[in-house]
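Heads up: the structure comes next, in structure tokens.
The values are calculated or read from the model by the stated rules, or taken from the named source; none is laboratory data. Everything quoted here is computed from the prediction, not taken from an experiment. As a convention, Cβ positions derive from the backbone with ideal geometry for all residues, glycine included, and neighbour counts pool all protein chains shown.
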Amino acid sequence: MEAHSPAKYDKVVLMAVRACIAGKANDGQQKLAMDWIINAASNLYDMSYRKSDPTATAFHEGRRFVGSQIVKMLRDDTLKALETATTKRSPRRGKKPEAEA
């Protein structure tokens, strides 16, 4: 697949993605849509390198980044890290504490 080429899909995939976006997808449609996004649209498991074309390499790496972010959310350690970060969160720098009424 060329880095800039759109991912191939059929009517079943199209309807599954539409159902997910509308919040009406069944279990099979949800799995199909996520599988298409991760494996076809982001082309996650393909190598980014494009011989003699650094722009295409960079473009493909951008596609893969989306898939990587989704797959990362499936890992248990991602949830643990998020929960740890929210319990240890300190006030944002530069933000003044709210005045008491």
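For the stretch 40-54, filtered to residues that are in a helix (DSSP H, G or I) and touching a residue at least 24 places away in the same chain (Cβ under 8 Å), the residue that is surrounded by the most Cβ atoms within 10 Å (Cβ to Cβ) is ALA41. One residue alone among THR57, THR78, THR86 is modelled with pLDDT under 90 and part of a helix (DSSP H, G or I), and that residue is THR86.
Of all the listed residues (VAL12, VAL71), the sole one being within 11 Å of the chain's Cα centre (by Cα), assigned to a helix (DSSP H, G or I) and either on the phi > 0 side of the Ramachandran plot or modelled with pLDDT of 95 or more (or both) is VAL71. Can you spot a residue in the stretch 20-29 that is aliphatic (A, V, I, L, M), outside any helix (DSSP H, G or I), at pLDDT 95 or above and surrounded by 12 or more Cβ atoms within 10 Å (Cβ to Cβ)? Checked the stretch 20-29: at least one residue is aliphatic (A, V, I, L, M), outside any helix (DSSP H, G or I), at pLDDT 95 or above and surrounded by 12 or more Cβ atoms within 10 Å (Cβ to Cβ). Here the condition is being surrounded by 10 or more Cβ atoms within 10 Å (Cβ to Cβ) and part of a helix (DSSP H, G or I); of MET34, MET1, it holds for MET34 alone.
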